[in-house]
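The values are calculated or read from the model by the stated rules, or taken from the named source; none is laboratory data. On a predicted model such as this, the values are computed, not experimentally measured, just so you know. Here Cβ is always computed from backbone atoms with ideal geometry, including for glycine, and neighbour counts include all displayed protein chains. To get the accessible areas, we keep the full protein, side chains included, count just its heavy atoms, and leave off ligands, DNA and RNA. Shrake-Rupley method; radii C 1.70, N 1.55, O 1.52, S 1.80 Å.
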Amino acid sequence: MDTSDRSSRRRLVLIAAGSVTALVCGVGIYGLATGPHTPTSTPGTSPTITTSPSSSAPTTAKPSASGAPAVPPVARSADPEQFARNVATTLFAWDTTTGLLPLDYTSAILAVGDPSGAEQAGLATDVTAYLPSRTAWQDLRTYSTSQHLTIDRAYIPDQWGEALAQAPEGQLAPGTVAYTIEGTRHRTGTWNAEPVDSAHKVEFTVFVVCAPTYDTCHLLRLSQLDNPLR
């Protein structure tokens, strides 16, 4: 195998399954056609705030109570930007060598979804589009592929303000906000027992709902990868 062919194969290993299918989203606000929510927490209670670095090292699966590997949960936060960052970090952190499957990583994200359940089906579709298919996962496991995200910037896009101005009264729960994430997706693996890696810039938008609807933030939807609000 010549050098150019070997290089192409390496790129294929690490970039495979990186594309996502288009999501069917509502105009401007990605299907967030929900009315006011009823808070599930008791008014006046203090929220639990957990923070994490804006750029992170790979997140490894932690053993569950039974000793089996488990996906680390999304860190909770009452701060919308911090929560959006936490979601982004967890969304991109996976490791094919742990014995876990894409569905396990999907479940970790859905666990912080809106308790009302109104967006849960759409969110499940969103998350699935960010992860390799089960077939691709098996292929990537052959090369011990893992992934993590470093975040460069998180901001409220101007288009979100336009979406809020156009949304009918009562369509969005109080405390609903969008953060666009800019960062770098890192993948590592092995090829012929040698370590290989790749890096790829990514952009996407995270839609969350926080106070006053809930004492801690919850995830509503995700934009299509590399097609964020700006």
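One decimal place: the segment GLU182-ALA167 gains 2.8 nm when fully extended, by the rule 0.36 nm per residue minus the C-alpha distance. The amide H of THR205, built 1.01 Å from its N in the peptide plane, has ILE181, SER223, LEU229 as neighbours under 5 Å, considering only residues 5 or more places off or on other chains.
At a 10 angstrom cut-off on C-beta neighbours, averaged per residue, how do the peptides 181-193, 118-130 rank from highest to lowest?
Result, highest mean Cβ count within 10 Å first: 118-130, 181-193.
Extension gain for ARG134 to ALA211 (0.36 nm times residue separation, less C-alpha to C-alpha distance): 24.1 nm. Ligands, DNA and RNA left out, the accessible area of the range 80-222 computed with a 1.4 Å probe is 50% carbon and sulfur. In the full protein context, the range 120-178 carries 49 Å² of accessible surface per residue, based on a 1.4 Å probe and ignoring ligands, DNA and RNA.
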